[in-house]
Structure formats: C-alpha cells, structure tokens
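J.: I am attaching a structure below and will ask some questions about it afterwards.
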Amino acid sequence: MQHRIALLTFLVRDYDEAIRYFTRVLPFAKTEDSALGAGKRWVVVSPVNQSNSALLLAKADGAEQEEHIGNQTGGRVFLFLHTDDFWRDFQAFKARGVTFIETPREEPYGTVAVFRDLYGNLWDLLEPK
C-alpha cells in the first residue's frame, strides 16, 4: 500500500488574487477550479511539471480562519519549494517582486533563502544538495 500527502490547505483572502500570485509570480499552474456553490470553489495549484503535491486554495470562512491567513504555522517556515537551480529562481522571483527576508546561504542540506508570499507565510526556496 502506498500513501502520500497530495494536497495541503492554503488559506487565502480571495481565490483569483491567490491564483494570479501562484501562476504569475511563483512557478505554479492552476490544475483545478470548480464551483462548489455559495461562492466556494475547489481551486488547486501545483508547481509546474510536478504532480506529486499541490495546494488547495481555500478562501477563509469567517473571522477565525481569516486570522490565520499569512500565519498558518505560527511564524515558522510553512512550505519548502525545491528547485534544481537556486540562483535562477532566486533572481526570477526577485524580479517578480518576491520579498526575501534573508540573504541566501549554504547549508549542509543545500542552498536556501526564506521568502514571504503575498499573505506573509514564510517559504524556503531550496536547492537540495
């Protein structure tokens, strides 16, 4: 029997705003977008050319969920975006307005820098060794 984590819920303010960010700023593609009724949608984005994992963009429903937009992990790095060319992607992300909160560094596990997404969640851009 095989198991894998296929989707992670990613809280957003607005579906279309989040889709634009992931598909124009980060290297993601929209793979699903279905109306569920009552203004809700099933929206999935995943890194281009990769189908092992994806994000379910979930519009926050109510004040409690809205409080967690941009801070889904209590201030820790939330997601780790692996790349095969750190410097290519670092420069491309910066050119598209991504804010890196630290200088890139070499670690035993690879080249890495932390950036903030449009909501404030922290991500590692990481080229593993």
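J.: Does any residue of the stretch 23-30 turn out to be of a type in the set (Gly, Ala, Ser), under 22 Å from ALA95 (Cα atoms) and part of a helix (DSSP H, G or I)? Outline the logic, then answer.
T.: Taking the stretch 23-30 as the starting set, the residues that turn out to be of a type in the set (Gly, Ala, Ser) are 29.
Narrowing the set further to residues that are under 22 Å from ALA95 (Cα atoms) leaves 29.
Still in the list and also part of a helix (DSSP H, G or I): none.
No, the conditions are met nowhere in the stretch 23-30.
J.: Something else: Scan the stretch 83-101 and tell me whether some residue there is of a type outside the set (Val, Ile, Thr), closer than 27 Å to ARG4 by Cα and loosely packed, with under 12 Cβ neighbours inside 10 Å.
T.: So the first thing to find is which residues in the stretch 83-101 are of a type outside the set (Val, Ile, Thr), and the list is 84-97, 100.
From what is left, the residues that are closer than 27 Å to ARG4 by Cα are 84-86, 89.
Filter once more, so that each one left must be loosely packed, with under 12 Cβ neighbours inside 10 Å: 84-85.
Yes - at least one qualifying residue is present in the stretch 83-101.
J.: I'm trying to understand the selection: among the residues of the stretch 93-122, which are of a type outside the set (D, E, K, R) and touching a residue at least 40 places away in the same chain (Cβ under 8 Å)?
T.: PHE93, GLY97, VAL98, LEU118, TYR119, GLY120, ASN121, LEU122 - these are the residues of the stretch 93-122 that are of a type outside the set (D, E, K, R) and touching a residue at least 40 places away in the same chain (Cβ under 8 Å).
J.: How many residues does the stretch 53-81 contain that are under 21 Å from GLU106 (Cβ atoms) and surrounded by fewer than 15 Cβ atoms within 10 Å (Cβ to Cβ)?
T.: Residues that pass the stated criteria total 2.
J.: While we're here: Go through the stretch 50-129 and tell me which strands (runs of 3 or more DSSP E), entirely inside it, have 3 or more residues that are within 24 Å of ASP14 (Cβ to Cβ) and modelled with pLDDT of 95 or more.
T.: Counting at least 3 such residues, we get 54-59, 77-82.
J.: I would also like to ask the following. Across the stretch 103-120, what is the number of residues that are of a type in the set (Asp, Glu) and either under 13 Å from PHE78 (Cα atoms) or not assigned by TED's automatic domain parsing to the domain that holds ARG88 (or both)?
T.: Adding up the residues that qualify gives 1.
J.: Any residue that is closer than 23 Å to LYS129 by Cα and surrounded by 17 or more Cβ atoms within 10 Å (Cβ to Cβ) - is there at least one of those in the stretch 1-10?
T.: No, because not a single residue in the stretch 1-10 is closer than 23 Å to LYS129 by Cα and surrounded by 17 or more Cβ atoms within 10 Å (Cβ to Cβ).
J.: Then there is this: Quick one: would you say VAL43 is outside the structural domain of ARG20 (by TED's automatic domain parsing), under 18 Å from ALA18 (Cα atoms) and β-branched (Val, Ile, Thr)? So that I can check it myself, show each step before the final result.
T.: Values: outside the structural domain of ARG20 (by TED's automatic domain parsing): no; under 18 Å from ALA18 (Cα atoms): yes; β-branched (Val, Ile, Thr): yes.
The answer is no for VAL43.
J.: Further question: What are the pairs with Cβ atoms under 9 angstrom where one residue, in the stretch 42-56, is without any contact (Cβ under 8 Å) to a residue 40 or more places away in the chain and the other, located anywhere, is in a loop (DSSP other than H, G, I, E, B) and of a type outside the set (A, V, I, L, M, F, W, C)? Sequence gap at least six, or different chains.
T.: SER46/ASN52; SER46/SER53; PRO47/PRO27; PRO47/SER53; VAL48/PRO27; ASN49/PRO27
J.: Would it be correct to say that SER34 is hydroxyl-bearing (Ser, Thr, Tyr) and either in a loop (DSSP other than H, G, I, E, B) or over 21 Å from ASP124 (Cβ atoms) (or both)?
T.: Yes.
The values are calculated or read from the model by the stated rules, or taken from the named source; none is laboratory data. Owing to the predicted nature of the structure, the values given are computational and were not obtained by experimental measurement. For neighbour counting, all protein chains shown are included, and Cβ atoms are generated from backbone atoms with ideal geometry for every residue, glycine included.
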